[in-house]
Amino acid sequence: MSRRITIHHRIASGLSLVLVLLVASATAWAQQNTSTGTGGAKPLEGSRWRAIELAGKPTPARIPENEAYLEFQPGGRLSGSDGCNRVTGSYQLKGDRVTFGQMASTLMACLDTTTEAPFRDALKNATRMTIADDRLELFDASGAKLAVFTTGPPPPSASAELVGTSWQLVQFQSMDDSVPVLTPDDGAKYTIEFGDGGKLTARIDCNRGVGTWKSSGPSQIEFGPLALTRAQCPPGSLHDQIARQWPFIRSYVMREGHLFLALMADGGIYEFAPIGKAKPSPEKK
């Protein structure tokens, strides 16, 4: 029986989750490339700062998935989260004078938005930055304090949560809206099972294989070479695309119970659901 791949346009679908993963993928990719910092920003490169006070109020108790933070990267770039959505953008620092460029953001609807507005306001209105020991503060033009951050390691990686889980493909979405979303005729033909010790098993349509995986930081993931059987899958299969792109997956995110794997350099996103629950992820309306 022939297998069909249903190709259809869903321009609005998955936009927020696409941006989540594009931000994570861009972060991982930027950290692997060397570039020159902007002015006095060089000492900030590679540092991570967690918000502990916004608009004069302490931030909520630390919950890894809802943490508001900033990560400064080479080339005057930064990424982070407002506690709900991931953000990415640019900054310029000359002495203690700082300017944050327009931020790109995901569009997730979150239950707790306590930090979202004050975090964004701080970046929008900040004109001065001070750093003393493990404390970073942002001020507006009038001298009012907008935000206080503290440095330190990120929360424990959620990668341990992948161990023992099994997933089946829901769809592939390119970063280019002009490229249609690819949906398999049967997601159960495309599966990943994460084992302990960095081992995994996979099925890619008519072939099965074993391989390895590792996570070197929050939202980062890499797959080792996949040893697959060599059956010839029928026309319309996603086999060749997935096998070709497998080594270039660089980041992941878990949202609404689904797993999203992003290719490096914003190449696209694979969405997986827990085996037996393969329904498209909820969309923001």
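The values are calculated or read from the model by the stated rules, or taken from the named source; none is laboratory data. Computed from a predicted structure; not experimentally measured. Methodologically, a virtual Cβ is constructed for each residue, glycine included, from the backbone with ideal geometry; neighbour enumeration extends over all protein chains shown.
Search region 206-225 for residues that are of a type in the set (A, V, I, L, M, F, W, C) and pair each with any residue that is part of a loop (DSSP other than H, G, I, E, B) and crowded, with 17+ Cβ neighbours inside 10 Å when their beta-carbon atoms are under 8 Å apart and the residues are at least 6 apart or on different chains. Qualifying pairs under 8 Å: Cys206/Ser237; Val210/Leu226; Trp213/Ile221; Ile221/Ser215. Scanning region 187-242 for residues that are closer than 21 Å to Ser174 by Cβ and among the aromatic types (Phe, Trp, Tyr), we see that the one that is farthest from the chain's Cα centre (by Cα) is Tyr190.
In the set Lys199, Lys189, Lys214, only one residue is closer than 30 Å to Gly46 by Cβ and basic (Lys, Arg); that residue is Lys214.
Scanning region 206-240 for residues that are farther than 21 Å from Ala262 by Cβ and of a type in the set (D, E, K, R) yields a total of 2. Please count how many residues of region 97-132 are modelled with pLDDT under 90 and either of a type outside the set (Val, Ile, Thr) or under 26 Å from Gly75 (Cα atoms) (or both). Looking only at that region, the number is 11. Working only within region 134-146, note down all residues that are more than 17 Å from Tyr69 (Cα to Cα) and either exposed (fewer than 10 other Cβ atoms within 10 Å of the Cβ) or among the aromatic types (Phe, Trp, Tyr) (or both). Selection gives Ala141, Ser142, Gly143.
Go through Val179, Val163 for me and flag whichever is over 20 Å from Ile269 (Cβ atoms) and β-branched (Val, Ile, Thr). Show your work before the answer.
Working: Val179 fails: over 20 Å from Ile269 (Cβ atoms).
Exactly one residue qualifies, and that residue is Val163.
Does Leu138 satisfy the condition of being farther than 28 Å from Tyr252 by Cβ, at pLDDT 90 or above, part of a strand (DSSP E or B) and of a type outside the set (Lys, Arg)? Yes, satisfied.
For region 165-191, the set of residues classified as under 16 Å from Gln241 (Cβ atoms) and among the aromatic types (Phe, Trp, Tyr) consists of Phe172, Tyr190, listed by residue number. Those strands (runs of 3 or more DSSP E) of region 141-245 in which 2 or more residues are hydrophobic (A, V, I, L, M, F, W, C) and within 30 Å of Leu123 (Cβ to Cβ) occupy 145-151. Counting only strands (runs of 3 or more DSSP E) that fall entirely inside region 39-96 and contain at least 1 residues that are more than 14 Å from Ile131 (Cβ to Cβ) and at pLDDT below 90, the qualifying elements are 68-73, 77-82, 86-94. If the condition is being within 17 Å of Val253 (Cα to Cα) and hydrophobic (A, V, I, L, M, F, W, C), then region 175-222 contributes Met175, Ile192, Phe194, Trp213, Ile221.
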